[in-house]
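Colleague: The following block contains the structure, expressed as structure tokens.
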Ligand code: P61
């Protein structure tokens, strides 16, 4: 036995309301088989997201009491700014209320005219939406291995350099305001990007005179994978690796709701003085004065402390180990998952797990409902409910490329026995999977339909 132990003790607890299968049958029916309609009190293990769901440490809570709520020149901002500067090396640190606010401000300032292109390994949905809002095309250029759920390539988040070159040449470098890289690549399964690839993408972007930015939400998890998997990094600290990652970029957008170990917050890091000035001006219009940017002073304290704690190797060993442990349990019982396990979530391949349910009856939705019924677990469908479209001429469903169910693991929230409980639910679902039925819409909104859809069992 080599048990993975939690590198923390529990000082405050939040009770989980236990429910029975009969209760859950009633609750999910009342929620029209859409897990977004459930009350969080009726969920036993919530794996909807790792965003804003972290458990904060005693030091973070202590920092909250010391928050300086001064409108201008707050000492909490000074602490936050120093921590982020030490970590990233950027010249300008601009706080925002969360990641998408940083995206909105960056793209509104850096895109000078509509009609251009912004490449990324894979744009997260808020990033894509903010890029497209400026009249710019968002291009996803991840390597081919990143599209193959079974590939165990160690850096499936890497950008395809050939595709990047072709994209820049086709658009013309003057029409590419920035090249982005998402670390880890959330929409591609939480897969890491190698240091070598970051360096090569930076070199290519700079050779065309284009700035290079990171979407850095899960930078510490990415740094840990580099330490584990990339030659030459085994003896470096996570801080050194993260610092090197940031050093190749001209700035970043960040949601502190992930690797900031905070429940809210984000920032924009920028080297260019003129761009930073433009962003600050917009920040004042939409978020607030540059020493708080839509956050309370106490939030800045929590993030500053969280950004130190997230670099601790014992924490990351447990964090990445816990996600991998869940992935390994599922793989052992023959449940197909996106390989290798990513940094923050396991993605179950629902199409291969439930091959008897056609894609137009939403196998991913069927599996999320079944996980709730079996054990009160909430995952999220990332398949044709979320990304399927209607053919504008015929009205028939065009399915998504993959039918996945994401089980995101909140940071420091669940113990190893909670994870065993999740794996155990799969044992029982696996045994009776042939009896699971598909779903059909009884209501769907014209856009972002997954949030408000109502379903019926087929
Ligand atoms: C998530 F269903 N992620 O994974 P904000 N970049 C990246 C993210 O993962 C990300 C943001 C930017 C979430 C939350 C989420 O429709 C959804 O602080 C790589 O949430 O603004 C967020 O950061 C945005 C889930 C967001 C969603 C939007 O669960």
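Colleague: Using only Cα atoms, find the angle between the long axis of helix 297-309 and the longest principal axis of the chain, and express it within 0 to 90 degrees, rounded to the nearest 10.
Modeller: In the chain, helix 297-309 runs at an angle near 80 degrees to the longest axis.
Colleague: While we're on this one: Among 286-299, 412-425, how do they line up from the highest to the lowest mean number of other beta-carbon atoms within 10 Å?
Modeller: Descending mean neighbour count gives 286-299, 412-425.
Colleague: Given 0.36 nm per residue, what is the gain on full extension from residue 4 to residue 108 after removing their alpha carbon distance, in nm?
Modeller: 33.0 nm
Colleague: Pull up the DSSP beta bridges for the range 58-309 and report the antiparallel fraction as a percent, rounded to 5.
Modeller: 50
Colleague: Let me ask something else about it. Give me the percent of DSSP beta bridges within the chain that run antiparallel, rounded to the nearest 5.
Modeller: Here the share of antiparallel DSSP bridges comes out near 70 percent.
Colleague: So what is the relative contact order of the chain, in percent, for Cα pairs below 8 Å that sit 6 or more residues apart?
Modeller: Relative contact order, the chain: 23 percent.
Colleague: Give the Rg (one decimal place) followed by the Dmax (whole number) of the range 175-248, computed from C-alpha coordinates and expressed in Å.
Modeller: Cα-based Rg and Dmax for the range 175-248 come out at 12.2, 41 Å.
Colleague: Compute the projected area of the convex hull of the Cα atoms of the chain, averaged over all viewing directions, and report it in nm² to one decimal place.
Modeller: Hull-based average projected area comes out at 22.1 nm².
Colleague: Moving to a separate point now. Taking Cα atoms, how many degrees apart are the long axis of helix 363-375 and the longest axis of the chain, rounded to 10 and kept between 0 and 90?
Modeller: Helix 363-375 sits at roughly 70 degrees to that axis.
Colleague: While we're here: Largest first and in whole Å, give the semi-axes of the range 68-130's equivalent ellipsoid, each being the square root of 5 times a Cα gyration tensor eigenvalue.
Modeller: 28, 13, 12
Colleague: At a 10 angstrom cut-off on C-beta neighbours, averaged per residue, how do the peptides 26-39, 262-275 rank from highest to lowest?
Modeller: 262-275, 26-39
Colleague: Could you tell me whether the range 58-309 comes out rounded, prolate or oblate from its Cα gyration tensor? Rule is a ≥ b ≥ c as square roots of the eigenvalues, rounded for a/c under 1.5, then prolate if a/b exceeds b/c, otherwise oblate.
Modeller: Oblate shape, in that a/c is at least 1.5 and b/c is the bigger or equal ratio.
Colleague: Measure nothing but the geometry: give the 0 to 90° angle between the long axis through the Cα atoms of 21-30 and the longest principal axis through the Cα atoms of the chain, rounded to 10°.
Modeller: Between the helix axis and the principal axis of the chain, the angle is about 70 degrees.
Taken together, the values in this text are just the output of simple stated rules run on the coordinates, not laboratory data. In this text, all values refer to a predicted model and were calculated from it rather than measured experimentally. Don't worry about glycine lacking a Cβ; one is built from the backbone with ideal geometry, like all the others, and counts go over all protein chains shown.
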